[in-house]
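*Asks:* The structure under discussion is supplied below as structure tokens; questions concerning it will follow.
The values are calculated or read from the model by the stated rules, or taken from the named source; none is laboratory data. Just so it is clear, the model here is predicted, and its values are computed rather than measured. When we count neighbours, we look across all protein chains shown, and the Cβ atoms used for this are built from the backbone with ideal geometry, even at glycine.
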Amino acid sequence: MRRLMRAFFAATLGSACSSASTRAVVPTGDDGSDHGARSHDHEHAGRHEGHGVGGAHHAFADADAWTKVFDDPGRDAWQHPDDVLRALDLTPTMTVADVGAGTGYFAVRLALAVPRGEVIATDVEPDMVRFLNERARRVHLPNLRAIRATPTASGLAAGSVDRILVVHVWHHLADRVDFARDLSAALRPGGKLFVVDFGLTARRGPPTNLRVTPEAVIAELAAAGMAAKVSPIALPDQYLIEAHRP
Ligand SMILES: C[S@@+](CC[C@H](N)C(=O)[O-])C[C@H]1O[C@@H](n2cnc3c(N)ncnc32)[C@H](O)[C@@H]1O
């Protein structure tokens, strides 16, 4: 725990906040006991400039380290993944995209929920893609595959998916309206996009100045031509926004 906190402070107060730095900072601790405020603060180590701009910092480069944070079993208590999946209203044959899937906390759950469908997990970090494809093989989920995205393009084909889930990624994006346009184009008719991120008053998440309010997300989705609203399914410390192409 202490090591994780030290790494976090070194990253956020030191080199990682300097635009001159390209040093990657990843969790080195074994902080399985507290996935709450600390680990999700820590998530942002090295990324305070926003990693949508060219991916220079690669703060999420080490998937084997990040899985200890993202897949910490303690996460379920505040993440409420079942509520997120309930909001998505999945049917077994759907094609679902998990954008910015990381190590697959949601992608694996989604793949189990669409046994006769498919989950396409995207990430800008090659090591996340490697990790998640290996994980899919290890846990025998042939309907889950990970693909490499770029900071500005999801890599999803136009009109190819029924649901898109974007968890704790929105605040990392450089041009969110453009990105929303790309995601909107990937939806099939009747498809829906869901954005989960930390609210301004959340007890965990990135520093407040880096957070994006739900109102801003809704406005960005509207600017991309989507109709968006806060979901009636509430999550602790996070908002859940659902959007569709009118
Ligand atoms: C905080 S992690 C969240 C991971 C996962 N969604 C979860 O909830 O566990 C953010 C992830 O988004 C990825 N990412 C950032 N910008 C992205 C982009 N433009 N497209 C795809 N992935 C992106 C990062 O590499 C990282 O794996």
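*Asks:* For residues that are touching a residue at least 12 places away in the same chain (Cβ under 8 Å) and either surrounded by 16 or more Cβ atoms within 10 Å (Cβ to Cβ) or of a type outside the set (A, V, I, L, M) (or both), tally how many sit in segment 216-232. Reasoning before the result, please.
*Replies:* Looking only at segment 216-232, we keep the residues that are touching a residue at least 12 places away in the same chain (Cβ under 8 Å), and these are 217-218, 220-221, 223-231.
Pick out the ones that are also either surrounded by 16 or more Cβ atoms within 10 Å (Cβ to Cβ) or of a type outside the set (A, V, I, L, M) (or both) and you get 217-218, 220-221, 224-226, 228-229, 231.
Total meeting the criteria: 10.
*Asks:* Scan segment 130-144 for residues that are in a loop (DSSP other than H, G, I, E, B), on the phi < 0 side of the Ramachandran plot and surrounded by fewer than 16 Cβ atoms within 10 Å (Cβ to Cβ) and jot them down.
*Replies:* Hits for segment 130-144 are Val139, Pro142.
*Asks:* How many residues does segment 145-162 contain that are surrounded by 15 or more Cβ atoms within 10 Å (Cβ to Cβ) and within 14 Å of the ligand (Cβ to nearest atom)? Step through it out loud before you land on a result.
*Replies:* The initial filter retains those residues of segment 145-162 that are surrounded by 15 or more Cβ atoms within 10 Å (Cβ to Cβ), namely 145-147, 149, 151-152, 154-156, 160-162.
Retained after the next criterion (residues that are within 14 Å of the ligand (Cβ to nearest atom)): 146-147, 149, 151-152, 154-156.
Residues meeting the conditions: 8.
*Asks:* Of all residues in segment 97-129 being over 14 Å from the mean Cα position of the chain (by Cα) and outside any helix (DSSP H, G or I), which is nearest to the ligand (Cβ to nearest atom)?
*Replies:* Val119
*Asks:* Check segment 48-67 and report whether any residue there is modelled with pLDDT of 95 or more and crowded, with 20+ Cβ neighbours inside 10 Å.
*Replies:* Let us first name the residues in segment 48-67 that are modelled with pLDDT of 95 or more, namely 62-67.
Keeping just the survivors that are crowded, with 20+ Cβ neighbours inside 10 Å gives 63, 66.
So far as segment 48-67 goes, yes, one or more of its residues are modelled with pLDDT of 95 or more and crowded, with 20+ Cβ neighbours inside 10 Å.
*Asks:* What pairs can you find where one residue is in segment 97-123 and in the same structural domain as His140 (by TED's automatic domain parsing) and surrounded by 20 or more Cβ atoms within 10 Å (Cβ to Cβ), the other is among the charged types (D, E, K, R) and not in a strand (DSSP E or B), and their Cβ atoms are less than 8 Å apart, with a gap of 6+ or different chains?
*Replies:* Once the first residue is in the same structural domain as His140 (by TED's automatic domain parsing) and surrounded by 20 or more Cβ atoms within 10 Å (Cβ to Cβ) and sits in segment 97-123, its partners that are among the charged types (D, E, K, R) and not in a strand (DSSP E or B) give Thr103/Asp71; Thr103/Arg135; Gly104/Asp71; Gly104/Arg135; Tyr105/Asp71; Tyr105/Arg75; Val108/Arg135.
*Asks:* Do we find that Val177 is surrounded by fewer than 21 Cβ atoms within 10 Å (Cβ to Cβ), more than 16 Å from the ligand (Cβ to nearest atom) and either among the β-branched types (Val, Ile, Thr) or modelled with pLDDT under 95 (or both) in this structure?
*Replies:* Details: surrounded by fewer than 21 Cβ atoms within 10 Å (Cβ to Cβ): yes; more than 16 Å from the ligand (Cβ to nearest atom): no; either among the β-branched types (Val, Ile, Thr) or modelled with pLDDT under 95 (or both): yes.
The answer is no for Val177.
*Asks:* Does Leu183 satisfy the criteria of being more than 14 Å from the ligand (Cβ to nearest atom) and part of a helix (DSSP H, G or I)? Give the steps one after another, and end with the answer.
*Replies:* Numbers: more than 14 Å from the ligand (Cβ to nearest atom): no; part of a helix (DSSP H, G or I): yes.
Judged against the criteria, Leu183 is not a match.
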